[in-house]
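Below is one structure, written out as structure tokens; comments come after it.
The values are calculated or read from the model by the stated rules, or taken from the named source; none is laboratory data. Just so you know, these numbers come straight off a predicted model, no measurement behind them. Note: ideal-geometry Cβ built from the backbone for every residue, glycine included; neighbour counts use all protein chains shown.
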Amino acid sequence: MNENQKIAEIFYEIAEYLSMKNIPFKPRAYEKAAEVLEGLEENVSLIYEKGGIAALEKIPGIGLSLAQKIEEFIKTKKIKYYEELKKELPVNLEELRKVEGLGPQSIKKLYDYLKIKNINDLKKAALNGKIRNLPGFGKKSEEKILKSLEFLSKSQNRFLLYKVLPQIEEIKSELEKVRGVKKVVIAGSIRRMKETVGDADILVISSQPQNVIERFTKLNNVVKVTSAGSTKAAVKLNFGMNVDLRIVEEKSFGAALNYFTGSKAHNIALRELSIKKGLKLNEYGLFKISANQEKFVAGENEEEIYQYLGMDYIEPELRENTGEIELALNHRLPKIIGYQDLLGDLQVQTNWSDGTFSIEEMALSAYRFGLKYIAITDHTKNLSVANGLDEKRILKQMEEIDKINTKFKKQGINFTILKGTECDILKDGSLDLPDKILEKLEVVGAAIHTYFNLSKTEQTKRLIKAMQNPNVDIIFHPTGRILQKREAYELDIDEIIQTAKKTKTVLEIDAYPDRLDLNDEYIKKCVECGVKMSIDSDAHSKEHFEYLKYGIAQARRGFAKKTDIINVWPLSKMLKFLKQK
DNA sequence: GCCGTTTTCGGCCCGACTGTTTTCAGTCG
């Protein structure tokens, strides 16, 4: 965790402690500051070094008091105010706030009356029936706590998007069948296409809300109904994920979709902006306030809301309050890459190494998927577990590719297979195939698959050496992370991006949905530096071209335009670009 | 505790649902 993140975590906890003490407004100030710190590019230590307290105060949401606390943390690695709050209310907030239904006020009461400090204490007290007698609690709250604890012990809190999406789409089509339903839309972080999601949000337009709620709460993978009102319900699915449902009227649909898509930070920023303009934004619409009257001015669709606020429409993938609002207000939002824009795929594995299908089968699948070209990039010999290719086999594979291309031409299939490799980068940064072979290939991808735990300096040097090889076109999955499994290896990403710029090396956005590597933050940096990227499926099977959409989503969240991505270009232009190096 | 194109003081995002109440506090998104 970096320094900004650490301070942000402390500020979040301070906010929680202050909420427990029922202090108004301050918690929000600390939360806001924490959010800003999390989104800050530059390390606060650096800012402080350069400009002292005054520079810290320039950060939005940070005033004198918080600037001093940040200074204190930089100097002493501690914040006294936070330590005192902890002493005063010695509860394990990190644990207790994960319990669904328990907020700061309840945690405080539980500590005051029963000295409950952690989940263990909580469970004991609930099992012994001690909670039901506390003021403000009852039998039902006690049961609720026990149920939450049960779920907590076996559930993880975030899920990979590609695993969740098909299941939620199934729920969507179930709801579409309900009588009176006009429209069903998936909102929330799924609509924003985050790489992992915490829950799902579904929005419905229906003339008969009760029917929808009834069907929704009785779906067969629902294990718990958290709430069910007349326009809103929440359930938990068998694999531990919460799904929220909201039924709205047609004229509020845009406002509701906007509200339900989030992110929360984006919503709050929009509402604050509305207030400044004498308007009010909620899930029912945008209203003009004047002399005790509210007049509906927009809300049927999202576009008219943004328009009324004087902004360009903001794509869901950009709604994180990380600068998109200012850009939209100044009409300077980039036109980000679209889901239909890719013409090629530059990383595809076949049964020559660790893929499942032949070159021809993969090519035909890509062709049917709508692509114009793919590069075959099987592993190289160093990766023996993947049956990597040596020089002899790769030469043979090149011949095979020529044959299939000729065959396609005869059959009138307008599709090109490029000769490529996913060449292993060895420990010292040299490549697993000799230059005389690499020269013959049209797309040379290079990637790290071994020695993940070299020091940051060594790993960076290793990758830079590979980029300096004039034959290397693309660095595949540049940081090596596997979501929820493996951390990225240590890397000085800024130096890598600078080198990519200098050497005209492309950095890949690997679209394989548990990689999504580069991440959105690094994509942003590449865009800013003018480093080109490719979006590749890393397909090991025929159906994996579907994964390209997750890579495109990732690129969109990184503000990438068509001009930033080389495989949106027609084949000749793309190849010409690679030859420039 | 922060912030200012109506404000250096007085605001601070906003509404649904639940459970424990008997009019509302707490939680959530």
Is the stretch A:100-113 home to any residue that is in contact with a Phe, Trp or Tyr (Cβ under 8 Å, 6 or more places away or on another chain) and closer than 20 Å to A:VAL223 by Cβ?
yes
Residues of the stretch A:153-206 satisfying the condition of being assigned to a loop (DSSP other than H, G, I, E, B), more than 16 Å from DNA strand B (Cβ to nearest atom) and either over 25 Å from A:SER252 (Cα atoms) or free of Cβ contacts under 8 Å to residues at least 60 places away in the same chain (or both):
A:LYS177, A:VAL178, A:ARG179, A:GLY180, A:GLU195
Flag for A:TYR17 being touching a residue at least 60 places away in the same chain (Cβ under 8 Å), aromatic (Phe, Trp, Tyr) and surrounded by fewer than 20 Cβ atoms within 10 Å (Cβ to Cβ):
no
Need a quick list: helices (runs of 4 or more DSSP H) entirely within the stretch A:75-141 having at least 3 residues that are within 15 Å of DNA strand B (Cβ to nearest atom) and over 30 Å from A:GLU49 (Cβ atoms).
A:93-96, A:104-114, A:119-127
For the stretch A:465-475, does any single residue satisfy the condition of being over 16 Å from A:ASP538 (Cβ atoms) and modelled with pLDDT under 95?
no
Could you tell me which numbered condition A:SER65 fails, if it satisfies all but one of (1) over 30 Å from A:ILE493 (Cβ atoms); (2) within 11 Å of DNA strand B (Cβ to nearest atom); (3) outside any helix (DSSP H, G or I)?
(3)
I'd like to check something: does the stretch A:511-532 contain any residue that is closer than 23 Å to A:HIS449 by Cβ, touching an Asp or Glu at 6+ places or on another chain (Cβ under 9 Å) and assigned to a strand (DSSP E or B)?
yes
Exactly one of (1) part of a loop (DSSP other than H, G, I, E, B); (2) out of contact with any Ser or Thr (no Cβ under 7 Å at 6 or more places or on another chain) is unmet by A:GLU458. Its number?
(1)
Would you please name the residue that is modelled with the lowest pLDDT, looking only at residues in the stretch A:265-309 that are assigned to a loop (DSSP other than H, G, I, E, B) and within 11 Å of DNA strand B (Cβ to nearest atom)?
A:ALA291
Hey, can you tell me all the residues within the stretch A:399-436 that are hydrophobic (A, V, I, L, M, F, W, C), within 38 Å of the chain's Cα centre (by Cα) and assigned to a helix (DSSP H, G or I)?
A:ILE401
Residues of the stretch A:329-340 being closer than 27 Å to A:ASN567 by Cα and not in a loop (DSSP other than H, G, I, E, B), which ones?
A:ILE336
Is one or more of the residues making up the stretch A:15-23 polar (S, T, N, Q), within 14 Å of DNA strand B (Cβ to nearest atom), touching a helix residue (DSSP H, G or I) at 6+ places or on another chain (Cβ under 6 Å) and closer than 30 Å to A:SER227 by Cβ?
yes
Tell me which residues, restricted to the stretch A:310-326, are assigned to a helix (DSSP H, G or I) and touching a residue at least 12 places away in the same chain (Cβ under 8 Å).
A:PRO316, A:GLU317, A:LEU318, A:GLU324, A:ILE325
